[in-house]
1. Going residue by residue through the stretch 210-228, is there one that turns out to be modelled with pLDDT of 90 or more, within 30 Å of ALA406 (Cα to Cα) and of a type in the set (A, V, I, L, M)?
2. Which ones in the stretch 208-255 are small (Gly, Ala, Ser) and over 22 Å from ARG290 (Cα atoms)?
3. Have a look at GLY286, GLY273, GLY305 and point out the one that is out of contact with any Leu (no Cβ under 8 Å at 6 or more places or on another chain), among the small types (Gly, Ala, Ser) and either closer than 22 Å to TYR244 by Cα or not in a helix (DSSP H, G or I) (or both).
4. With the structure loaded, tell me whether PRO287 is free of Cβ contacts under 8 Å to residues at least 60 places away in the same chain and more than 25 Å from ALA254 (Cα to Cα) or whether it fails that test.
5. Does ALA326 satisfy the condition of being modelled with pLDDT of 95 or more, in a helix (DSSP H, G or I) and not β-branched (Val, Ile, Thr)?
6. Can you pull out the residues in the stretch 263-302 that are closer than 23 Å to LEU374 by Cβ and touching a Ser or Thr at 6+ places or on another chain (Cβ under 6 Å)?
7. Hey, any hits in the stretch 127-136 for a residue that's more than 21 Å from PHE181 (Cβ to Cβ) and within 18 Å of the chain's Cα centre (by Cα)?
8. Could you please let me know if THR83 is buried (at least 22 other Cβ atoms within 10 Å of the Cβ), polar (S, T, N, Q), touching a Phe, Trp or Tyr at 6+ places or on another chain (Cβ under 7 Å) and in contact (Cβ under 8 Å) with a residue 24 or more places away in the chain?
Amino acid sequence: MMFKNNHLTGMQTFILIWLGQLVSLLGTAMTRFALLIWAYQQTGEATTLALLGFFSFIPYILISPFAGVVVDRVNRRWIMILTDLGAGLMTVAMLSLYLTGHLEIWHLYLAQALTGAFEAFQLPAYAAATTLLVPKAYYTRANGLRSLADSVSQVLAPFVAGFLLLLIDIHGIMWIDVVTFLIAVVTLLLVRIPNPPAEPVEQYQKETTWQRLSFGFNYIFRRQGLLALLLIFVGMNFFATLTYFSILPALILARTGNNELALAIVQSALGIGGVAGGLMVSFWGGPKRRIHAILAGAALSFLLGDFLFAIGRSLPVWVTAAFLAAFFIPFITSANGAIWQSKVAPHVQGRVFSVKGMFQQSSMPLGYLLAGPLADHLFEPAMAPGGNLAGAFGWLVGTGPGAGMALMFILTSILGMAMGLSGYLFRAVRQVEDDLPDHDLIVLSQPILGDAASS
């Protein structure tokens with residue numbers, strides 16, 4: 001049975017979808033935590049963990065322009081249903097390999113690549129669907145809830161997965177993951193998502209395949225404020241990936257003698273910080289000037305998070321760093337999402353958001369690719385007792401296992417903070433909310449490929 005549109009408001013529909021995605025995220029996070037521990041136990045190298053992230057982003061980047069065209073032409077609810085089903089089937093395949101004793105590291109890389117491919121379709125579809133369901137005044141709050149779902153999964157998954165590993169092993173956790181995917185699919189089957197105003201058929205038929213694929217690029221490049229904001233995110237994501245996203249688990253494990261509980265506590269602290277920030281954004285809505293939430297929030301996250309991860313040599317310091325680093329992320333992502341949802345017309349958001357996501361994450365594979373080798377072959381040896389850099393920086397981050405990765409966190413804390421604050425130097429970024437009109441203030445009959453920033 002499906003709910004009729006007049007039985008559920010748009011916000012209620014969004015909440016129902018959000019709840020299904022929250023449950024699915026929790027199952028996925030539990031599986032990822034269990035497999036992350038398994039992968040590190042197999043090799044003992046930071047490179048292994050970093051490559052897991054690398055392989056998830058390459059397909060996302062390559063497929064995104066094609067995915068955007070599909071999102072704007074196909075029912076967005078069905079896109080989300082099919083991608084959830086695909087992710088569930090992938091988990092079943094991994095489960096079968098594990099149960100038969102054939103699971104290898106390269107299987108995890110392949111699974112991450114498929115995950116990236118599914119997300120290339122699902123993420124812009126979810127964002128564009130949110131625009132259609134939620135009133136404009138609540139864009140930031142809705143994005144705060146989406147960020148909150150990510151954070152809740154971070155809080156619960158490590159502890160729940162760590163406990164269940166003792167009871168039902170990895171295969172039991174993956175079975176739970178499969179069930180959570182099905183719950184997400186059921187919630188999507190129960191609702192309807194309104195379609196955006198249709199692009200004229202005649203105009204679509206006149207467009208070449210290349211014009212359809214390049215539409216998102218043209219749209220962004222003709223809007224200086226959106227382009228500049230996007231480039232700042234490219235830089236911030238690179239520095240975050242170089243340490244925070246890639247080698248943080250290896251740093252904690254190296255400095256605690258492979259203490260899985262310590263890692264679980266730190267990852268849960270990340271989640272708690274994200275939950276606290278997400279709740280605040282969801283109820284408050286964030287600063288009236290959203291650009292401050294992005295630029296100042298990023299600077300504080302890098303400064304307070306990465307720097308404390310670097311100098312910390314005990315669990316309480318790492319927990320504090322994790323909380324502070326994650327607390328500001330919902331402010332950053334929610335404000336950024338709300339700006340784009342406000343400025344981009346709903347009927348082209350699939351193509352624009354896909355290209356946005358592609359560029360925003362384009363630097364992350366490079367970060368993942370560099371992080372492991374830099375840690376394992378350059379910084380860790382250099383910060384070993386008697387290493388080339390031990391004398392200069394040992395007083396700050398110590399020496400021995402994990403010290404080299406800690407020094408990498410020092411560098412990214414400085415560079416990431418500078419990247420965030422650099423946005424204040426450019427008017428196009430500072431005034432992006434004023435210089436670009438909201439999409440509901442633009443007459444839809446104007447050509448969508450117009451050259452003016454106001455078109």
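1. No, the stretch 210-228 has no match at all.
2. SER214, GLY216, SER246, ALA250, ALA254
3. Result of the check over GLY286, GLY273, GLY305: GLY286.
4. yes
5. When the stated conditions are applied, ALA326 does not pass them.
6. PHE302, the sole residue that qualifies.
7. So far as the stretch 127-136 goes, yes, one or more of its residues are more than 21 Å from PHE181 (Cβ to Cβ) and within 18 Å of the chain's Cα centre (by Cα).
8. Yes; evaluated as a whole, the condition is true for this residue.
The values are calculated or read from the model by the stated rules, or taken from the named source; none is laboratory data. Since we're looking at a predicted model, the values are computed, not measured. Cβ sites come from the backbone with ideal geometry, for glycine too, and all protein chains shown count toward neighbours.
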